[in-house]
Ligand code: ADE
Ligand code: ZN
C-alpha cells in the first residue's frame, strides 16, 4: 500500500455524514433480492438502479435502493457490511443516518414498523463494537419534502426509542432542499432538542446560503454539505465564529452535479479560513468512494499535507457527538499517529 494511503488508514477518524442506505453496494442489493424476489435481479440490473444524471435522479435512486430493504435481517446485513468497511478504513467512530422517514412513508399504516428494524441495527452495532472496536451512533433522518407531519413521526420515534437506546444521538433532515427549507421544522427541532437529541441538517447542497442561515436559525448544530456558504463571506465569518461543524461531502457534490470537480470544491478555502470542516462520504456506494478515498482526494486534488489531513481527522472527532472524554482519548491517539 502506498505510504499516504497507509497513513490515511491509520489516522483515527470519525465519519459524521453517512447514510446507511447509501452504503449498500449493488452486489448486496443482488443478495437482498435473492432473499425476496421470485425472479431475483441481476448485478447489471442492480447497477442500473445506481445510475443518475443529476441530484433529482440521485434522490430517486436512493429511494429505489431503500425500497429493497424489506426485513430486519436486510437492515442487519447492510449495517454489518457498512461497519466492516468503516473499520477497515480506520474509522473509529461513525454517526450514521437511517432513512426512518422513508420507512414510515411506505409503511405508515404501521406506526411500530420501525422497532424490529431498529433492534436488528442495534445487533449489528453491538457486534461491531465487540468484534471491530467500532463506536457508532444513529441519527434518525426525515425527508424534508414529504411533510412536516411525517418528519414529526420520525423525530418522535427517535425521542421515544432514545430512552432505552442512547446510541440514538441526533435527528436530521435530508431530501430535496429546493422543495422544502428548514423554517417549517422549527417547532419539531425545538421539541427534539428538549428530548435530549442533537440537531443536524442538510443545508446549502442544492440551494443558496440563505438555506444555511435558515438551518442555523432553527437550531441546527451541524450543517451537512454547506456548499453554498462560499457565496456569502458574512456567513463564513459567522460559521467560523460559532465554530459550527460543517459536514462536507466533496465527491457526493461532484457526482450529483452541484460542484464541477473535487479540485474546485470549497473544502480547501473553508479549511484555510479556519472553519470547522469535516470530510465525509455521504452515500459511498452511489458515488464510488469512501471516507479514506475522500482523504486521499483532499491530498491529491487539493494538496492537503499529512499534518492537514491529521487536522481534518481531529476536526471530525471534535465535531462528533461523543462525550468530551471520548474525544480527548481519540485526539491523543491521533497526535501520536505518524
Ligand atoms: N439522502 C441521502 N443522501 C442525501 C443527500 N446528499 N442530500 C439530501 N438527502 C440525502
Ligand atoms: Zn447526506
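Can you find a residue that is assigned to a helix (DSSP H, G or I), under 18 Å from the mean Cα position of the chain (by Cα) and more than 30 Å from residue 314 (Cβ to Cβ) anywhere in the stretch 84-91?
No, because not a single residue in the stretch 84-91 is assigned to a helix (DSSP H, G or I), under 18 Å from the mean Cα position of the chain (by Cα) and more than 30 Å from residue 314 (Cβ to Cβ).
Give the stretch 212-241 a look and list any residue that's out of contact with any strand residue (DSSP E or B) (no Cβ under 9 Å at 6 or more places or on another chain) and either free of Cβ contacts under 8 Å to residues at least 12 places away in the same chain or assigned to a helix (DSSP H, G or I) (or both), or say none.
217, 230, 231, 233, 234, 235, 236, 237, 238, 240, 241
For the stretch 120-150, what are the residues that are surrounded by fewer than 21 Cβ atoms within 10 Å (Cβ to Cβ) and more than 30 Å from residue 187 (Cβ to Cβ)?
Scanning the stretch 120-150 gives 120, 123, 126, 127, 129, 130, 131, 132, 133, 134, 135.
For (1) closer than 16 Å to residue 320 by Cα; (2) within 16 Å of ligand 1 (Cβ to nearest atom), each residue gets a yes or a no:
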| site | (1), (2) |
| --- | --- |
| 162 | no, no |
| 166 | yes, no |
| 170 | yes, yes |
| 201 | yes, yes |
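Determine whether the stretch 188-199 contains at least one residue that is in contact with a helix residue (DSSP H, G or I) (Cβ under 6 Å, 6 or more places away or on another chain), assigned to a loop (DSSP other than H, G, I, E, B) and within 16 Å of ligand 1 (Cβ to nearest atom).
The answer is no; no qualifying residue exists.
How many of the residues making up the stretch 245-271 are in a loop (DSSP other than H, G, I, E, B), surrounded by fewer than 21 Cβ atoms within 10 Å (Cβ to Cβ) and out of contact with any helix residue (DSSP H, G or I) (no Cβ under 7 Å at 6 or more places or on another chain)?
Residues flagged as in a loop (DSSP other than H, G, I, E, B), surrounded by fewer than 21 Cβ atoms within 10 Å (Cβ to Cβ) and out of contact with any helix residue (DSSP H, G or I) (no Cβ under 7 Å at 6 or more places or on another chain) within the stretch 245-271 amount to 2.
Return the residues of the stretch 277-334 that are over 19 Å from residue 225 (Cα atoms), in a loop (DSSP other than H, G, I, E, B) and in contact with a strand residue (DSSP E or B) (Cβ under 8 Å, 6 or more places away or on another chain); say none if nothing qualifies.
Residue satisfying the conditions is 322 alone.
Would you mention how many residues in the stretch 1-48 are within 30 Å of residue 322 (Cα to Cα), away from ligand 1 (no atom under 16 Å from the Cβ) and either out of contact with any helix residue (DSSP H, G or I) (no Cβ under 7 Å at 6 or more places or on another chain) or assigned to a helix (DSSP H, G or I) (or both)?
8
A quick yes/no check of all residues on (1) at pLDDT 95 or above; (2) out of contact with any strand residue (DSSP E or B) (no Cβ under 7 Å at 6 or more places or on another chain); (3) within 16 Å of ligand 1 (Cβ to nearest atom); (4) under 21 Å from residue 81 (Cβ atoms):
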position	(1), (2), (3), (4)
119	yes, yes, no, yes
122	yes, yes, no, yes
126	yes, yes, no, yes
141	yes, no, yes, yes
149	yes, yes, no, no
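Out of all the residues in the stretch 266-279, which are within 15 Å of residue 314 (Cβ to Cβ) and within 16 Å of ligand 1 (Cβ to nearest atom)?
Answer for the stretch 266-279, where residues must be within 15 Å of residue 314 (Cβ to Cβ) and within 16 Å of ligand 1 (Cβ to nearest atom): 278, 279.
Find all pairs meeting these conditions: Cβ atoms under 7 angstrom apart; at least six residues apart or on different chains; first residue within the stretch 264-288 and farther than 30 Å from residue 30 by Cβ and within 16 Å of ligand 2 (Cβ to nearest atom); second residue assigned to a loop (DSSP other than H, G, I, E, B) and modelled with pLDDT of 95 or more.
Qualifying pairs under 7 Å: 265/259; 278/245; 278/319.
Which members of the stretch 136-160 meet the condition of being under 13 Å from residue 170 (Cβ atoms) and part of a helix (DSSP H, G or I)?
Across the stretch 136-160, the qualifying residues are 154, 155, 158, 159.
Can we say residue 337 is touching a helix residue (DSSP H, G or I) at 6+ places or on another chain (Cβ under 8 Å) and assigned to a loop (DSSP other than H, G, I, E, B)?
yes
For residue 55, state whether it is within 16 Å of ligand 1 (Cβ to nearest atom) and either under 18 Å from the mean Cα position of the chain (by Cα) or crowded, with 16+ Cβ neighbours inside 10 Å (or both).
Against the criterion (within 16 Å of ligand 1 (Cβ to nearest atom) and either under 18 Å from the mean Cα position of the chain (by Cα) or crowded, with 16+ Cβ neighbours inside 10 Å (or both)), residue 55 qualifies.
Those residues that are under 30 Å from residue 133 (Cα atoms), more than 16 Å from ligand 2 (Cβ to nearest atom) and touching a residue at least 60 places away in the same chain (Cβ under 8 Å), I need them from the stretch 29-85; list them, please.
Within the stretch 29-85, 85 is the sole residue that qualifies.
The values are calculated or read from the model by the stated rules, or taken from the named source; none is laboratory data. Since this is a predicted model, take the numbers as computed values, not measurements. Note: ideal-geometry Cβ built from the backbone for every residue, glycine included; neighbour counts use all protein chains shown.
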